[in-house]
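Coordinate-derived values only; no laboratory data. Quick caveat: nothing in here was measured; it's all calculated off a predicted structure. Please note: Cβ atoms are built from the backbone with ideal geometry, for glycine as well, and neighbour counts cover all protein chains shown.
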Amino acid sequence: PGPGGPPSAEADDLALANRLVEMGILTPYQAAQIKGGRTKFNLGPYIVIDFHFRSVLVSLTVRNIGQTAARDVRVRLAQPLTSAAATDQSLPWQNQGLFGPEGVSLFAPGREMRFLIDAFHKRYEAELPTSISGTVEYKRPRGDEVLSEPFTIDMGPYALAMMAPKDVADIGDELEKIRKVFEKLAKQLAT
């Protein structure tokens, strides 16, 4: 069709693909694969940033949930992080390794790295920020295109769950863990 006529099917496909990328349903790479006619995908690397909670401790987790390794992975934080639990409130890991200028050269599929941020209750009491923003950058196993994905995560919605008192079942679970540690220690001392 000429100008002013109905849009072509190709134009419709392109508009739909762009909208799905804008909505965060597809990555640009996935949209290009679909437009190319692929129906089975090797999704490649996909690095996600999230929080990990263990009891009252909060860690920042970086994980490759993709099917292939990511290369030259680097996390850039929008603002330096502080910690209520650290004596000088700094977190030295945020300028090294994955967060440093060099990043990590290879991040295998399924790989996860955790970085301790704080004790949740201390952070909450000190009124420190609960959200973290930044960008994760990485490359696929082949090629030099840098994938750059912005992220914002917020531990605030977890506040009620983290501050909730423990019930009898939670206390029983904790006591069972303690019992197992003492049992293991007793066996080691007996040998």
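Explain nothing, just the number: relative contact order of region 44-104, from Cα pairs under 8 Å at least 6 residues apart, as a whole percent.
Result for region 44-104 is 28 percent.
Go through region 21-31 residue by residue and turn each phi into a ³J(HN,Hα) via Karplus (6.51, -1.76, 1.60, θ = phi - 60°); whole Hz please, and just put x for glycine and proline.
For region 21-31, the Karplus-derived couplings read 5, 4, 6, x, 6, 10, 8, x, 4, 5, 4 Hz, x marking Gly and Pro.
What residue among Phe120, Gly44, Leu16 has its Cα farthest toward the positive end of the dipole of the chain, where the charges are +1 on Lys, Arg and -1 on Asp, Glu, each on the Cβ?
Gly44
In the chain, if every C-alpha pair distance is counted and binned at 5 Å from zero, what percent goes to each bin?
Reading the bins upward from 0: 1, 6, 11, 14, 13, 12, 11, 10, 8, 5, 3, 2, 1, 1, 0, 0, 0, 0.
In Å and whole numbers, how far do the C-alpha atoms of region 93-191 stretch along each principal axis, longest first?
That works out to 55, 43, 22 Å along the principal axes.
Using a Debye calculation, one point per C-alpha and no hydration shell, please list log10 I(q)/I(0) for region 22-82 at q = 0.13, 0.16, 0.22, 0.25 Å⁻¹ in order.
For region 22-82, the Cα-only Debye profile gives -0.53, -0.73, -1.05, -1.16.
Quick one: compute the contact order of the chain, relative version, from alpha carbon pairs under 8 angstrom and 6+ residues apart, as a percent.
With pairs under 8 Å counted, the relative contact order is 19 percent.
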